[in-house]
Amino acid sequence: MDIPRRQFDTLIIGAGGGGLRAALQLSQADARVAVVSKVFPTRSHTVAAQGGVNAALANVRPDNWHWHMFDTVKGSDYLGDQDAIEYMCRAAPKAVYELEHFGVPFSRLEDGRIYQRQFGGQSMNFGGEQAARTCAAADRTGHAILQSLYQQNIRAKTHFFDEYFAIDLLNHQDGSFLGALVLNIATGEKLVIEAKTTLLATGGAGQIFRNNTNALINTGDGMAMALRAGVPLQDMEFFQFHPTGIAGKGMLLSEGARGEGGYLINCDGERFMERYAPQAKDLASRDVVSRAITTEVREGRGCGPDKDHVLLTLEHIDSAVVRKRLPAIRDLALTFANVDICDAPVPVFPTAHYTMGGIPTNRFGEVVAPIEHGPEENVPGLYAAGECACVSVHGGNRLGGNSLLDIIVFGRAAGNQIIEFLGENRYHKPLQDDRIEPALQRLERWNNRGEGESVAALRKELTKTMEEHCGVFRTEEVLGEGVSKVHALQQRMPDARIRDHSQVFNTARIEALELENLMDVAMATIMSAHKRQESRGAHSRSDFPERDDVHWLRHSLYHKASNTVDYKPVRMKPLTVDTFPPKPRTY
Amino acid sequence: MQFSIYRYNPDTDEQPRMQTFELADGELDREVMLLDALLALKTQDETLSFRRSCGEGVCGSDGMNVNGTNRLACITPLFSLKSPVVINPMPGLPVIRDLVVDMEQFYHQYRAVKPYLINNDPEPEVEYLQSPGERDRLDGLYECILCGCCSTSCPSFWWNPDKFLGPAALLQSWRFLADSRDQATDERLAGLDGPFRLFRCHTIMNCVEVCPKGLNPTRAIGRIKELMVKRSV
C-alpha cells in the first residue's frame with residue numbers, strides 16, 4: 001500500500017473550540033499534535049456562537065458554581081450526569097479566566113472586570129431570582145474565543161492539517177484506536193495519520209434538519225465515524241430547537257437578545273411566555289420556550305399573513321445598549337429579515353440548533369462504551385469533546401451559555417487525560433495495512449461512474465424527512481413512519497453517484513461523504529426518539545406527555561451494526577455535593 | 001438571471017474559462033443571497049467548486065469577486081446584483097480550482113504579525129482588568145473573520161504579497177498593539193519596520209470599501225504609523 005504515513009502523539013479531528021483547546025493543552029505540554037480540519041480553523045462553527053459562556057464569576061450578581069450546577073441539572077431535565085456537571089461548573093471560572101488571559105476581548109464592567117449577562121434557565125440560590133452568569137464579548141463570543149484559541153495555537157506551534165477531511169478512524173485488532181485515514185481536499189491525496197491517541201472534536205449535526213441554525217459543515221462526521229467503528233451514540237433523541245431562529249431562514253438570534261431585555265409576542269401583542277413560565281418568562285429553558293412558540297402558532301396565535309411565527313421585540317430597549325451589546329444580531333436581522341431590531345420586531349420560530357447527544361464519554365473526555373464489562377468501559381486511545389460528545393452535561397436540554405463552557409472545560413480535560421496516557425504509552429502500536437482497507441473502500445466507492453441518484457437530492461429528502469418526523473412535538477406514529485423513511489433512504493445510498501471525479505478540491509465528493517455521515521446520525525436520532533416513550537427536555541412526545549423517571553431516567557445508546565437502542569443508568573452521584581433528585585420542572 | 005463564472009480545474013483544463021449559467025426567475029425567491037444561487041447552480045453542475053460554511057457572514061469562507069468587487073456570497077443579496085453576475089476568484093492569489101484560491105500567502109502574513117496576546121507578568125488568579133474605554137479600542141478590530149476580501153483587493157498586496165503584510169494582517173497587528181493587556185509593543189513595531197511590511201500601504205483604501213464586516217484596515221495602519229512616530233521621538 002503506497003499511502004504515505006505520518007506519526008503524531010495525538011490526532012485531533014476538528015478545529016473548533018473543543019479541538020483547539022485540547023490542542024493547546026497538548027502543545028504546551030510538548031506533545032506532538034496534529035489537528036485535522038475540513039475547513040481553516042477559524043471557519044469552524046464555534047465562530048457562530050453569540051451570547052456567551054457561563055461561569056459563576058459573580059461579577060454582576062452574587063453567584064457560585066453550586067447554583068450553576070443546580071440550574072444545569074434542572075435544565076437537563078435530570079438526564080445530565082451529575083459528576084460531570086459538578087466538574088464543569090466548578091472548572092468554569094478558571095476556564096474563563098484562562099480564555100481572558102489568552103486574549104479574548106470580553107466586554108467589560110466599569111470596574112474593568114468581565115461583563116456578564118442574563119441568560120435562560122439561570123437562577124441564584126437554587127431556583128431563586130434570575131442570575132447573570134454569561135460572560136460575553138458583545139454578541140460575538142464564539143468568534144472571539146475561537147480566534148484567541150487559534151492564535152494561541154499558532155504561538156504554541158501546533159501542527160495543522162487545514163482542509164483535510166477525515167474518512168474513517170483506524171484501529172488495532174485489540175480494539176485500540178490508532179489514528180485515521182484523511183484526505184487532502186486540495187490535492188485529493190490520501191494520508192494515514194498514525195497517533196497513539198485520537199480526539200474527536202467534530203461538532204454537531206444540525207444539518208440532519210432542513211431548517212437549522214448550523215453551518216453547512218455541521219454534518220456529524222465524528223459521530224458517524226464513531227458509529228462505523230462500533231461505538232454507540234448516546235441520547236441522540238435530544239436535539240435542541242432554538243426558540244429564536246429567523247423565521248423561514250434559520251439564522252440564529254442569540255438568547256442574549258432576551259437576556260438584554262427582549263421578549264416574545266404573539267399576534268395579539270401578548271407577551272405569552274408569562275403564561276408558560278410565570279417566573280422566568282422569556283428566560284425559561286430553551287425547550288420550554290420552543291414548545292410555547294410552537295403551541296402559540298398551532299393554536300392560531302402566530303403572526304404574519306400565514307400566522308406561522310411569533311415576534312421577538314427589542315424596541316423598548318435603549319438603542320445605544322442594543323448597538324453596544326448586540327451589534328452582530330442587529331446586522332443579521334438587517335441582512336436576513338430586513339428589520340432593524342432597534343425599530344421593529346423580528347419574526348422568529350424554533351429552529352434545529354444543537355445536538356445534546358453524541359459519542360459517550362466520561363468527564364475526562366475518554367470515550368466509554370459497553371464492550372465486555374458494563375456499559376462504561378474505556379475505548380482505548382479514543383477521546384471526544386464538545387458537541388460531538390455526550391459527557392453528559394446537557395442531558396435532555398442544554399442551557400444557553402453552557403456549550404462554549406463544555407468545549408473549553410472538556411477540551412482542556414481531554415488534553416490533560418491524553419497527556420497522562422502519553423506518559424504511560426511511549427510507543428506507537430503497529431498499524432497493519434489491512435486495517436486501513438475499510439476506510440479506503442469508503443472513499444473509493446465514490447469513484448464508481450455511471451448513472452445514479454444525486455447526493456443533493458438524497459440530502460434534501462433526508463433533511464425534509466427529519467424535519468417532518470422528528471420535530472419539536474413527536475408521536476409514535478409520526479416517528480415510526482420517519483424511521484421507515486430514513487431506512488429507505490439508507491437503502492438508496494449504494495446507488496448514489498457523483499459526476500465529478502477530479503482529485504483537485506472536489507467538493508462534490510466531500511458532500512457525498514458528508515451525506516453518508518448525515519444518514520447514520522439521522523438514523524441514530526430518529527431511532528432513539530422513536531424508542532423513548534416519555535417527554536423529557538427537548539424530546540416531547542404528545543402521546544407520552546409526562547416525564548417518567550421510573551422507566552426512563554436512563555441514557556439511550558444507539559448501535560449502528562444492529563440498528564438497536566439500549567440503555568445505561570444516569571450518573572446521579574456528584575463528586576462532592578449531594579445529588580439533586582428529580583423534581584417537577586417549572587420556570 | 002445569468003451568471004458568468006470562472007472555471008478552472010488543473011486536472012482537466014489547460015486554460016481557465018468563463019462558463020455561463022442560468023437560473024429561472026421562479027427558482028429562487030426575492031430574498032435569497034448569492035450563495036443560495038451558487039448552491040442551486042451546483043445542483044445543475046456539481047463540478048462547480050467554491051468554499052462555503054456558515055451562510056451568515058461570520059466564518060469568512062466564501063469570499064469571491066462579484067461583478068468586480070470582493071464580497072462574501074452568503075450576505076450578498078442576489079437581486080442587488082446586475083445580470084449577468086460575473087464571478088471570479090479573489091484576485092492576486094493562486095487559483096486551486098474554480099473559485100477556490102490558495103490562501104497560504106495570506107495566512108502566512110497573518111501569522112507573521114504574532115497575532116496573539118503577549119503579556120509577561122505573572123498570571124493573576126482572575127481576569128486582567130481592562131476598562132470599558134480600553135476595551136472599546138478593540139471594537140472594529142477583533143471582528144475580522146480572515147475572509148481575505150481586503151488583502152486580495154489591495155494593489156500593494158498583489159505586487160508584493162510576500163513582503164507587504166497586507167491590510168488583514170496589519171489590522172490584526174493593531175488589534176494587539178491597541179490592547180491594554182499586551183506588552184509587546186516594541187517587539188511588534190520593530191517587526192513592522194522597513195520599506196515593505198507596513199509602509200507599502202499607499203492608502204488606496206480598497207480594503208475599507210470591500211470589508212464585509214465594515215472594518216477599516218487603512219485607519220488601523222494609520223494608527224500604527226502614528227504610534228511609530230510617537231515612539232521614535
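A search for C-beta distances below 6 Å between a residue of region B:1-20 that is at pLDDT below 95 and any residue that is of a type in the set (Gly, Ala, Ser), counting only pairs 6+ apart in sequence or on different chains, returns B:Met1/B:Ser83; B:Asp11/A:Ser502. Taken together, the residues in region A:134-148 that are of a type outside the set (S, T, N, Q), in contact with a Phe, Trp or Tyr (Cβ under 7 Å, 6 or more places away or on another chain) and more than 10 Å from every other protein chain (Cβ to nearest Cβ) amount to 1.
List the pairs whose first member sits in region B:130-144 and is facing chain A (nearest Cβ under 7 Å), whose second member is part of a loop (DSSP other than H, G, I, E, B) and modelled with pLDDT of 95 or more, and whose Cβ atoms are under 6 Å apart, counting only residues at least 6 apart or on separate chains? Close Cβ pairs (under 6 Å, with a partner that is part of a loop (DSSP other than H, G, I, E, B) and modelled with pLDDT of 95 or more) amount to B:Gln130/A:Gly112; B:Gln130/B:Ser180; B:Ser131/A:Gly112; B:Leu138/A:Pro105; B:Tyr142/A:Pro105; B:Glu143/B:Lys213. Checking each residue in region B:35-71 for being more than 7 Å from chain A (Cβ to nearest Cβ) and acidic (Asp, Glu) picks out B:Asp36, B:Asp45, B:Asp62.
Does A:Thr197 meet the test of being among the β-branched types (Val, Ile, Thr), over 30 Å from A:Ser107 (Cβ atoms), open to solvent by 10 Å² or more (accessible area, probe 1.4 Å) and at pLDDT 95 or above?
Working: among the β-branched types (Val, Ile, Thr): yes; over 30 Å from A:Ser107 (Cβ atoms): yes; open to solvent by 10 Å² or more (accessible area, probe 1.4 Å): no; at pLDDT 95 or above: yes.
The answer is no for A:Thr197.
Filtering region B:77-119 to residues that are touching a residue at least 60 places away in the same chain (Cβ under 8 Å), of a type in the set (S, T, N, Q) and in a helix (DSSP H, G or I) leaves only B:Gln109. How many of the residues in region A:49-90 are open to solvent by 10 Å² or more (accessible area, probe 1.4 Å), within 14 Å of another protein chain (Cβ to nearest Cβ) and either over 23 Å from A:Arg585 (Cα atoms) or among the polar types (S, T, N, Q) (or both)? Final tally of qualifying residues: 6.
All conditions but one from (1) touching a strand residue (DSSP E or B) at 6+ places or on another chain (Cβ under 6 Å); (2) crowded, with 24+ Cβ neighbours inside 10 Å; (3) among the charged types (D, E, K, R) apply to B:Asp102; the one that does not is (2). B:Trp158: open to solvent by 30 Å² or more (accessible area, probe 1.4 Å) and either assigned to a helix (DSSP H, G or I) or aromatic (Phe, Trp, Tyr) (or both), yes or no? Answer is yes for this residue. A Cβ distance below 9 Å, combined with a sequence gap of six or more or placement on separate chains, defines the contacts here; from region A:45-69, residues that are without any contact (Cβ under 8 Å) to a residue 60 or more places away in the chain reach residues that are open to solvent by less than 40 Å² (accessible area, probe 1.4 Å) and basic (Lys, Arg) in the pairs A:Ala58/A:Arg133. Inside region A:150-159, residues that are more than 10 Å from chain B (Cβ to nearest Cβ) and either open to solvent by 20 Å² or more (accessible area, probe 1.4 Å) or under 19 Å from the mean Cα position of the chain (by Cα) (or both) make up a count of 2. Summed over region A:476-527, the residues that are open to solvent by 10 Å² or more (accessible area, probe 1.4 Å), within 14 Å of chain B (Cβ to nearest Cβ) and assigned to a helix (DSSP H, G or I) give a count of 4. When each of A:Arg330, A:Arg325, A:Arg298 is tested for being within 14 Å of chain B (Cβ to nearest Cβ) and more than 27 Å from B:Arg30 (Cβ to Cβ), the lone residue that passes is A:Arg325. Flag set for B:Val208, criterion: in a helix (DSSP H, G or I), open to solvent by 20 Å² or more (accessible area, probe 1.4 Å), of a type in the set (Val, Ile, Thr) and under 30 Å from B:Ala73 (Cβ atoms).
Listed here are the residues, each with its yes/no results for (1) surrounded by fewer than 15 Cβ atoms within 10 Å (Cβ to Cβ); (2) among the aliphatic types (A, V, I, L, M); (3) within 14 Å of another protein chain (Cβ to nearest Cβ); (4) part of a helix (DSSP H, G or I).
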position	(1), (2), (3), (4)
B:Asp162	yes, no, no, no
B:Pro167	no, no, no, yes
B:Trp174	no, no, yes, yes
B:Ala190	yes, yes, no, yes
B:Arg197	no, no, no, no
B:Leu215	no, yes, yes, no
B:Ile221	no, yes, no, yes
B:Glu226	yes, no, no, yes
B:Lys230	yes, no, no, yes
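In the condition set (1) free of Cβ contacts under 8 Å to residues at least 40 places away in the same chain; (2) closer than 30 Å to A:Lys531 by Cβ; (3) not small (Gly, Ala, Ser), A:Leu458 is compliant with all but (1). Only a single item in (1) within 20 Å of the chain's Cα centre (by Cα); (2) open to solvent by 60 Å² or more (accessible area, probe 1.4 Å) is not met by A:Tyr558, and it is number (2). Screening the candidates A:Asp162, A:Asp235, A:Asp174, A:Asp221 for the property of being surrounded by fewer than 24 Cβ atoms within 10 Å (Cβ to Cβ) and within 30 Å of A:Pro375 (Cα to Cα) yields one hit, A:Asp174.
Any residue at all in region A:568-584 that's surrounded by fewer than 20 Cβ atoms within 10 Å (Cβ to Cβ), part of a strand (DSSP E or B) and either of a type in the set (Phe, Trp, Tyr) or in contact (Cβ under 8 Å) with a residue 12 or more places away in the chain (or both)? Yes, some residue in region A:568-584 is surrounded by fewer than 20 Cβ atoms within 10 Å (Cβ to Cβ), part of a strand (DSSP E or B) and either of a type in the set (Phe, Trp, Tyr) or in contact (Cβ under 8 Å) with a residue 12 or more places away in the chain (or both). Looking only at residues in region A:100-124 that are more than 9 Å from chain B (Cβ to nearest Cβ) and either touching a Phe, Trp or Tyr at 6+ places or on another chain (Cβ under 8 Å) or small (Gly, Ala, Ser) (or both), the one that is surrounded by the fewest Cβ atoms within 10 Å (Cβ to Cβ) is A:Met124. Confirm whether B:Cys74 is facing another protein chain (nearest Cβ under 10 Å), of a type outside the set (Gly, Ala, Ser), in contact with a strand residue (DSSP E or B) (Cβ under 6 Å, 6 or more places away or on another chain) and in a loop (DSSP other than H, G, I, E, B). In short, no.
Given the options B:Thr203, B:Thr185, name the one that is out of contact with any Phe, Trp or Tyr (no Cβ under 6 Å at 6 or more places or on another chain) and either more than 25 Å from B:Gly214 (Cα to Cα) or surrounded by 15 or more Cβ atoms within 10 Å (Cβ to Cβ) (or both).
Unique residue meeting the criteria: B:Thr185.
Per this entry, A:Gly248 is counted among residues that are assigned to a loop (DSSP other than H, G, I, E, B), within 14 Å of another protein chain (Cβ to nearest Cβ) and surrounded by fewer than 19 Cβ atoms within 10 Å (Cβ to Cβ). For A:Arg133, indicate whether it is out of contact with any His (no Cβ under 7 Å at 6 or more places or on another chain) and not aliphatic (A, V, I, L, M). Here the answer is no, as A:Arg133 does not meet what is asked. Flag not set for A:Gly374, criterion: open to solvent by less than 10 Å² (accessible area, probe 1.4 Å) and at positive phi.
The values are calculated or read from the model by the stated rules, or taken from the named source; none is laboratory data. No experiment lies behind these values; they were computed from the predicted model shown. A quick note on method: Cβ atoms are made from the backbone with ideal geometry, for glycine too, and the neighbour counts reach across all protein chains shown. Keep in mind that these areas ignore ligands, DNA and RNA; they rest on the heavy atoms of the full protein, side chains included. Shrake-Rupley method; radii C 1.70, N 1.55, O 1.52, S 1.80 Å.
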